[in-house]
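One structure is given here, and the rest of the page talks about it.
None of the figures in this text is laboratory data; all of them are computed from the coordinates on show. Quick caveat, the model's predicted, so the values are computed rather than measured. Heads up, the Cβs are rebuilt from the backbone with ideal geometry, glycines too, and the neighbour counts pull from every protein chain shown.
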Amino acid sequence: MAVSQVILAAGQGSRMQSDLPKVLHMLAGVPLVIHAMRAGRVLEPARVVVVVGHGGDHVAQVVQAEDVDTHVVHQAEQKGTAHAVAQARAALEGQAGDVVVLYGDTPFIRPETLASMQDARASHDVVVLGFEAADPGRYGRLIVKGDALERIVEFKDATEAERAIRLCNSGVICAEGALLFDLISEVGNDNASGEYYLTDIVALARARGLTAGVVRCDEAETLGINTRTELAQAEAAFQARARAQALENGVTMVAPDTVIFAQDTWLGRDAVIEPYVVFGPGVTVENGATIRAFSHLEGAHVSRGAIVGPYARLRPGAELAEDVRIGNFVEVKSAQIDEGAKVNHLSYVGDAHVGAGANLGAGTVTCNYDGVFKHRTEIGAGAFIGSSTMLVAPVRIGAQAVTGSGSVITQDVPDGALALGRARQDTKTGLGKRLMDRLRAAKAAKTKG
Ligand code: UD1
Ligand code: MG
């Protein structure tokens, strides 16, 4: 059945004490709202609508960078969750099937949980995701009779007896789209908050003789972020889970607590991750590769048998083939490094292709930027780049070619050639010692006088 996804992200999140809209705060290297988008991907939504308000243009930019097809609708005034969902109506016009509503500030809903809600729709017209709260606090309470959900009562409107209920509303709701918007049009705001509650659609559905059901999940999944403290706690919870998962999958880490993961970090079996490694978004490390201590990787792919670091930096577009060596204080950006090539010390390789088995000496720099444009460097297979070679791009070094140490290479070097681009050495016999003797004598004269 076709599904659309609506993500509510209009709230300001005033308790974050931030100029940044709440849903753009980062968790596991990714903005909060992107977590909700990615969780929903399991449903293969035909359309995704994000409801924005505070900082709406900025939020729009981020969600469309994640997926250009994302629809963004603006909710100028936040009048409640039902009012927020109603803003998505036009964007979903003509869209058949179900609508799943998620919150942009609730990052841990598991894809499997959304899939079971989808399954539960086979037996209920409206499906709500609920959880047993350790401390139900101010959550909406789910009033159930047997298997059936009768209604949801918000904390502010609840009686003492209702407040004693521990089964709470996570906020995630699923129903057929046309029905959902029809029910929402009946929702009023005659309640303690003066808001249009999405939760009211349950009682409205029941009044029509329709059924509503609850899918239960773990409380940890429904964790919403409202403060910096909660954000930090959520990050800690994410990191703990990611480390445990990696160990379980066969990754070696001697100090897992020092390794930082991103939402989408993928590490293969028998990968070795040394202490204090930071993974930004978009990293895959294949089986048996080693990331040595104090390395920072983002948007990079490391193939089997490659060794990176210690103290290496892989930036977006770093693509390392099997058995590549990237050593200390080496930065790689937008560069394909072919099998067995070595860049072992103090180098910058950007906008480049390094052929198989090539060796880049210490201090090799691809001078890729002229101040306005970026240019590419091509290094052929088996080339040997002497230490401290400046490769002024665009430039091509042929296969098996060699550059002399300290060269500034501005012209292409053919296959197998030796290129020297430096001043010729001039040696004066005896002059070194004579010069030093004179300087020492001058110093001695000065201290005497
Ligand atoms: C809501 C639920 C409550 C549930 C709780 C779970 C309602 C009426 N109540 O309460 O049952 O237990 O979430 O966390 O739905 N938003 C908008 N526009 C609005 C209002 C809200 O986009 O006009 C967004 C917020 O940015 C937030 C989400 O919707 O991401 C939930 O809104 P919030 O005000 O936090 O609802 P709660 O009072 O927590
Ligand atoms: Mg809330």
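Some observations on this one:
- Each of 261, 279, 238 was scored by other Cβ atoms within 10 Å of its Cβ. Arranged with the fewest first, they read 238, 261, 279.
- Cβ-derived FRET efficiency at R0 30 Å, residue 339 paired with residue 415, nearest 0.05: 0.95
- Modelled FRET efficiency - R0 41 Å, residue 269 with residue 229, Cβ distances, 0.05 increments: 0.70
- Estimated FRET transfer efficiency (residue 373, residue 157; beta-carbon r; R0 45 Å; 0.05): 0.15
- The chain: calculated mean residue ellipticity at 222 nm from DSSP helix runs of at least 4, using -39500 (n - 2.57): -6500 deg cm²/dmol
- Projected label points at residue 123 and residue 38, each 7 Å from Cα along the beta carbon direction, are separated by 3.3 nanometres.
- On full extension, the segment bounded by residue 444 and residue 58 gains 132.1 nm, given 0.36 nm per residue less the C-alpha separation.
- Taking Cβ atoms as reference points and 15 Å as the exclusive limit, the residues near residue 89 contribute a net charge of -3, counting Lys and Arg as +1 and Asp and Glu as -1.
- Ordering of 268-276, 365-373, 311-319 by packing is 311-319, 268-276, 365-373, highest average first (other Cβ atoms within 10 Å, averaged per residue).
- Anisotropy class of segment 3-222 from Cα gyration tensor, a/c 1.5 cut: rounded
- Share antiparallel - DSSP beta bridges, the chain, percent rounded to 5: 20
- Cα-only Debye scattering, segment 20-133: base-10 log of I(q)/I(0) at q = 0.15 Å⁻¹: -0.69
- When each of 113, 410, 389 is scored by the number of other beta-carbon atoms lying within 10 Å, the sequence from fewest to most is 410, 113, 389.
- Centre-to-centre separation between the Cα atoms of segment 341-383 and those of segment 145-206: 60 Å.
- Segment 3-222 - share of DSSP beta bridges that are antiparallel (%, nearest 5): 45
- Reachable lysines from residue 79, criterion Cα separation under 23 angstrom, eight or more residues apart if same chain: 22, 156
- Rounded Å value of the spacing that divides the Cα centres of segment 221-290 and segment 40-117: 27
- Order of 437, 412 under a 10 Å beta carbon neighbour criterion, fewest first: 437, 412
- The dipole here belongs to the chain: it is taken about the Cα centre, uses +1 on the Cβ of Lys and Arg and -1 on the Cβ of Asp and Glu, and is about 3060 debye.
- Legend: Rg and Dmax of the chain, from Cα coordinates, 30.1, 110 Å.
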